[in-house]
1. In percent, how large is the relative contact order of the chain, given Cα pairs closer than 8 Å and 6 or more residues apart?
2. Placing unit charges on C-beta atoms (Lys and Arg positive, Asp and Glu negative, everything else neutral), compute the dipole magnitude of the chain about its Cα centre in debye, rounded to 20.
3. How far is helix 28-41 tilted off the main Cα axis of the chain, in degrees rounded to 10, range 0 to 90?
4. Using a basic spin-label model with each label point 7 Å from the Cα along Cα→Cβ, how many nm lie between GLU135 and LYS29?
5. When the helix-only estimate is applied to the chain (DSSP H runs of n ≥ 4, each -39,500 (n - 2.57), divided by the residue count), what is the mean residue ellipticity at 222 nm, nearest 500 deg cm²/dmol?
6. In whole percent, what relative contact order does segment 27-76 give with Cα contacts below 8 Å and a gap of six or more residues?
7. State log₁₀ I(q)/I(0) for the chain at q = 0.11, 0.12 Å⁻¹ as given by the Debye formula over alpha-carbon point scatterers of equal weight, solvent excluded.
8. Where does the charge balance sit around LYS129 when Lys and Arg score +1, Asp and Glu -1, over other residues with C-beta under 13 Å from its C-beta?
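Just so it is clear, none of the values below were taken in a lab; they were calculated from the coordinates. Computed from a prediction, not measured in an experiment: that's the story for all the values here. FYI the Cβ positions are ideal-geometry reconstructions off the backbone, even for glycines, and counts take in every protein chain you see.
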Amino acid sequence: MSKKPFITKEQAETIIKEFPTPFHIYDEKAIRKNARDLYKAFSWNKGFREYFAVKATPTPAILQILKEEGCGTDCSSYSELLMSEKCGFTGEDIMFSSNDTPDMEFAYAKKLGAIINLDDITHIEAVEKACGIPETICCRYNPGGKFSISTTIMDNPGDAKYGMTKEQIIKAYSILKEKGAKRFGIHAFLASNTVSNEYYPTLARILFELAVEIKEKTGVSLSFINLSGGIGVPYTPDKEPNDIFVIGEGVRKAFEEILVPAGLGDVSIFTELGRYMLAPYGHLVTTAIREKHTHKEYIGVDACAVNLMRPAMYGAYHHITVLGKEDAPCDHTYDITGSLCENNDKFAIDRKLPEIDIGDILVIHDTGAHGFAMGYNYNGKLKSAELLLREDGSVVMIRRPETVDDYFATLDGFWNVIE
Ligand SMILES: *Cc1c(COP(=O)(O)O)cnc(C)c1O
């Protein structure tokens, strides 16, 4: 099986005449279809809403598209709150799922009317001091231990810095109720990039059972249950993608079995997906500029880890297509590198690919989430442009590339400070 890029070589060549590589490009049509399918899959739940995790793709044009599809935003910083506000998200369109949160950010989130999601029991006091307890409030749960689906360990919540223990969260609802909160939610994020239709249903069962226990012990009936992010995408071409309709149905079953009999059938289901909403619908497009034959075969491209950090940071696999050579045999073995003075700046190691010539255009797949967003400026390298492939086939720039002036902007007035 192979991954097919959403642009052809001819399209790429036309785009590059106007917008030189490297750039990220997003597929509007596919983003919209995927968002609509998510809403269809959860249409059985009256209050369902997706709060897109802004950190995955903090780009106004993308947030606008998702807004038009009915999504809110999930923020964890002041800048993300500001971006949501500037894009027209208001009040409870915004979820503030932060941790280690400064007082000022709590206050700003409250001013916007965002739903504040408390990461810790001590944050009750912090919020009260910073801005007063809001009427609607959410608490983040961490059950500890390992998170498994049947016999497979999916992730390790016991090692994660997020959320409250069960004892703490039950106490938190009692305190919040006493302090005047009126509407309550619960949130948990227990495994990342799950390529399994079982993750959400398993998580839902845990949270639904806890919701029943919270009601029994504190008298608090939750209004919403936030399953957060964690639905993944298959980065390697051999894996089957998740089926959002199977996932939605699995959550529905748990809902009917656990919440409905407990009198909690009005609970809204929320999600905070990032990767699932965007990753497959973005490409990093880059040109081969150098080749090198030493102890290994290298192809140097004009993008580097500054444009996509996941391979360097996590050893993550990103599939690569050489445009125009989609059907050529993969009979060469290359390391595909960027130009950083950092040996982990490699988009692929020992990758089987067709023979690559200088000037070939490479598509690096699945960069639509946690791609551009994780960019940095090591070696003084600049962040690329972001482009949008519109539904009508036209291409618009949705963020210009950085210039050296941007890079030097924080040094204005500091060139001759030391006498
Ligand atoms: C990162 C994050 C998400 C999104 O995670 P994905 O794996 O991209 O779906 C959602 N909620 C919170 C609080 C996060 O930190």
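1. Result for the chain is 19 percent.
2. On the way: 46 positive and 60 negative charges, 177 e Å.
In total the dipole reaches around 860 debye.
3. Its long axis makes an angle of about 30 degrees.
4. Roughly 4.4 nm, to one decimal.
5. Working: 12 runs with 119 residues, N = 419.
Estimated from H runs of four or more residues: -8500 deg cm²/dmol.
6. Values: 38 pairs, mean separation 21.0, N = 50.
Relative contact order, segment 27-76: 42 percent.
7. Reported log10 I(q)/I(0), two decimals: -0.87, -1.01.
8. Numbers: positive: LYS110, LYS179; negative: ASP103, GLU125, GLU128.
Net local charge, LYS129 excluded: -1.
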